[in-house]
Each structure stands twice: as structure tokens, then as C-alpha cells.
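Participant: Take a look at the following structure, please.
The values are calculated or read from the model by the stated rules, or taken from the named source; none is laboratory data. What you see is a predicted model; the values in this text were computed from it and never measured. Glycine also receives a Cβ, built like all others from the backbone with ideal geometry; neighbour counts cover every protein chain displayed.
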Amino acid sequence: MSIKYTIATPDMLDLLVSTRIEVLRAANRLDDSADMSRVAAQSRAYYREALSDGSHTGILAFDGDRFAGAGGVSYYRVMPTFHNPSGRCAYIMNMYVRPDYRRRGIATAILDLLVTDARERGAGRIALEATEAGRPLYEKYGFVPALSEMALP
């Protein structure tokens, strides 16, 4: 197995959108009957804009021509804080490795590429939402729970 990691480009929209839907189905335990057409359309629009303006970096992993995994990082800015004077933030998302490629270091390699990209862009905060399956990887990498954050459902 020789995995090649590629930075996503706008000409990969079909693969990016289908991967996003695959990730969401797996993370939310949705079967094929769940209508994902609206999410797919919005994901296509998001990728088209964010890859063009540089507010998103996507990494795709291939074993030859076969898709093996993916991950992405979205960039945004908030007001500067003591712990993040630049206000630049990175949010890692869409981490996914196909079941037959798991436990081979692919997710770690994708995560490393995304974190490196975020640091090179000056992100003072790098965050993510972890699934139960992904939590051990992120903890091993050094991510810790953000206990003070809250969300309004």
C-alpha cells in the first residue's frame, strides 16, 4: 500500500461532496434513505467558494486511484484574545478514513498535514469536534477537551 496525499482543488468537487456525505452518514449513523440532497448542494457551494478564497484546505488520501480518506480545515477569524492575539482560528473537520484503510496511520498523516497548514497560516487556535471513534487519535496527537465552550442548540 502506497498512500498519496493530495491537496484538494476546485476540480475535485464531486469527490469532495460525495466524501462529505459519506462522512456525515457515518458520523450520524444515517442510512441511505436519509435525504442528503440539500447538504450535498450546500457542501458543493461551500467547497467551490472556500477552496477558491483559501478559507478551506482539504486533504485527500489515495491508494493508487482508490479513495482512502480525507480531512479538512476551515479558517476563520474572531476578535483577538490574550491566548490568541491574531484571532486566527482553524477548525478541523471531515476527518474520515474508509473502513478497509483504518489503523494504518492515514488519519494521523492527514491530521498532521492539516495542523501543519493551520500553523503555517498563523492560526492561534486549532479546534475540532471528535467522534467517539476519533477521540483516541486526537488525544494522542495532543488535543484536549475545551471545557469552557458552550453552544446554543
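Participant: Does Thr81 satisfy the criteria of being out of contact with any helix residue (DSSP H, G or I) (no Cβ under 9 Å at 6 or more places or on another chain) and at pLDDT below 95?
Facilitator: On the way: out of contact with any helix residue (DSSP H, G or I) (no Cβ under 9 Å at 6 or more places or on another chain): yes; at pLDDT below 95: yes.
Criteria met by Thr81.
Participant: Any residue in the stretch 137-153 that's under 23 Å from Ala107 (Cβ atoms): show its pairings with residues that are among the polar types (S, T, N, Q) at Cβ separation under 9 Å, as long as the two are six or more apart or on different chains.
Facilitator: Leu137/Thr108; Lys140/Thr108; Tyr141/Thr108
Participant: Another question, then. Quick test for you: out of Tyr101, Tyr46, pick the one residue that is over 22 Å from Glu132 (Cα atoms) and either in contact with a strand residue (DSSP E or B) (Cβ under 7 Å, 6 or more places away or on another chain) or not β-branched (Val, Ile, Thr) (or both). Walk me through it before giving the result.
Facilitator: On the way: Tyr101 fails: over 22 Å from Glu132 (Cα atoms).
After ruling out the rest, the residue left standing is Tyr46.
Participant: Pull up the stretch 47-84, narrow it to residues that are free of Cβ contacts under 8 Å to residues at least 12 places away in the same chain and within 30 Å of Arg104 (Cα to Cα), then point me to the one that is surrounded by the most Cβ atoms within 10 Å (Cβ to Cβ).
Facilitator: Ranking the candidates gives Arg66 first.
Participant: Hey, another quick one. Condition test on Thr131, is it under 25 Å from Tyr47 (Cβ atoms), modelled with pLDDT under 95 and not in a helix (DSSP H, G or I)? If you could, list the steps in order and put the result at the bottom.
Facilitator: Working: under 25 Å from Tyr47 (Cβ atoms): yes; modelled with pLDDT under 95: yes; not in a helix (DSSP H, G or I): yes.
Here the answer is yes, as Thr131 does meet what is asked.
Participant: Given the structure, is Ala34 touching a residue at least 40 places away in the same chain (Cβ under 8 Å) and not in a helix (DSSP H, G or I)? Write out each step before concluding.
Facilitator: Numbers: touching a residue at least 40 places away in the same chain (Cβ under 8 Å): no; not in a helix (DSSP H, G or I): yes.
In short, no.
Participant: Anything in the stretch 16-72 that is out of contact with any helix residue (DSSP H, G or I) (no Cβ under 6 Å at 6 or more places or on another chain), within 30 Å of Gly122 (Cβ to Cβ), modelled with pLDDT of 95 or more and among the aliphatic types (A, V, I, L, M)? List them, or say none.
Facilitator: Scanning the stretch 16-72 gives Ala45, Ala50, Leu60.
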